[in-house]
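The values are calculated or read from the model by the stated rules, or taken from the named source; none is laboratory data. Computed from a prediction, not measured in an experiment: that's the story for all the values here. Cβ atoms come from the backbone with ideal geometry, glycine included; neighbour counts cover every protein chain shown.
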Amino acid sequence: MGQFLSKVQKGKQQRARRTVLYGTHGIGKSTWASEWPNAVIVQTEDGCADLDVAKFPLCETLTDCWGAIMELGGEEDHGFQTVVVDSADWLEQLIWKTVCEKHNKKAITDFDFGKGYGEAASIFSKILQALDVCRSKGIHVVVLAHCEVVRFTDPQSESYDRYMPKLHKSVSSLMQEWADEVLFAAYKRYVRKEDLGFKKTRGIASGDERVLYTQESAGFLAKNRLGLPQELPLDFAAYEPFLNVGEK
């Protein structure tokens with residue numbers, strides 16, 4: 001058998017996951033991520049103080065974040081099984097600050113022709129590569145992000161609004177392609193019509209059920225490679241049975 005044919009593999013390969021979770025502010029993204037196996041959080045924003053989970057001190061510079069990720073992917077047997085980056089959009093802010101200081105700019109928008117965003121995206125890509133080193137050692141990678149409503153141009157229909165990670169479009173695309181799962185966390189809303197008389201109505205939204213959406217729809221971006229149901233409760237206990245445990 002040929003050199004390359006002899007290396008053909010069959011069947012599913014269990015590997016550590018690369019999971020992105022984005023959602024509305026304060027819905028419980030950090031809590032969900034903290035319940036992954038033996039997790040440690042790389043903090044780029046100050047929001048995990050009340051969580052009983054291992055965490056690095058708040059990263060005040062991009063170097064702090066780099067150092068934490070590089071040590072997790074290094075040779076030391078630290079025992080952590082999941083690294084959580086909380087959050088990608090605050091990490092992006094650290095990257096912008098670094099790029100601006102390097103070129104003596106006040107803001108990332110001061111660069112001509114979007115060159116600042118391009119350099120920032122290149123740095124973000126290198127961070128994803130460093131996280132891939134962690135994954136190659138059997139460590140799950142969970143990246144959290146906030147969300148925003150953006151106008152989406154669909155070539156098959158009219159444009160419409162949808163939820164997306166709160167990142168520059170170049171970085172958002174990189175992260176979407178890199179991830180095995182992109183999950184969206186939101187409250188499940190129900191809208192009922194109230195009759196105001198004189199042929200007028202108004203919609204009243206209600207519902208406080210926290211939901212994890214796993215498949216894309218017009219209203220949000222999502223994907224998964226685990227065969228997940230279209231939606232799950234935002235509870236790691238509901239998600240864990242579908243999780244492929246990475247090999248050590």
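Data overview
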{"item": "Residues that are among the basic types (Lys, Arg) and without any contact (Cβ under 8 Å) to a residue 12 or more places away in the chain, drawn from segment 150-183", "result": "151, 169"}
{"item": "Search result, residues across segment 98-146 that are over 13 Å from residue 171 (Cα atoms) and among the aromatic types (Phe, Trp, Tyr)", "result": "111, 113"}
{"item": "Residue list for segment 166-214, filter: aromatic (Phe, Trp, Tyr) and modelled with pLDDT of 90 or more", "result": "178, 184, 187, 213"}
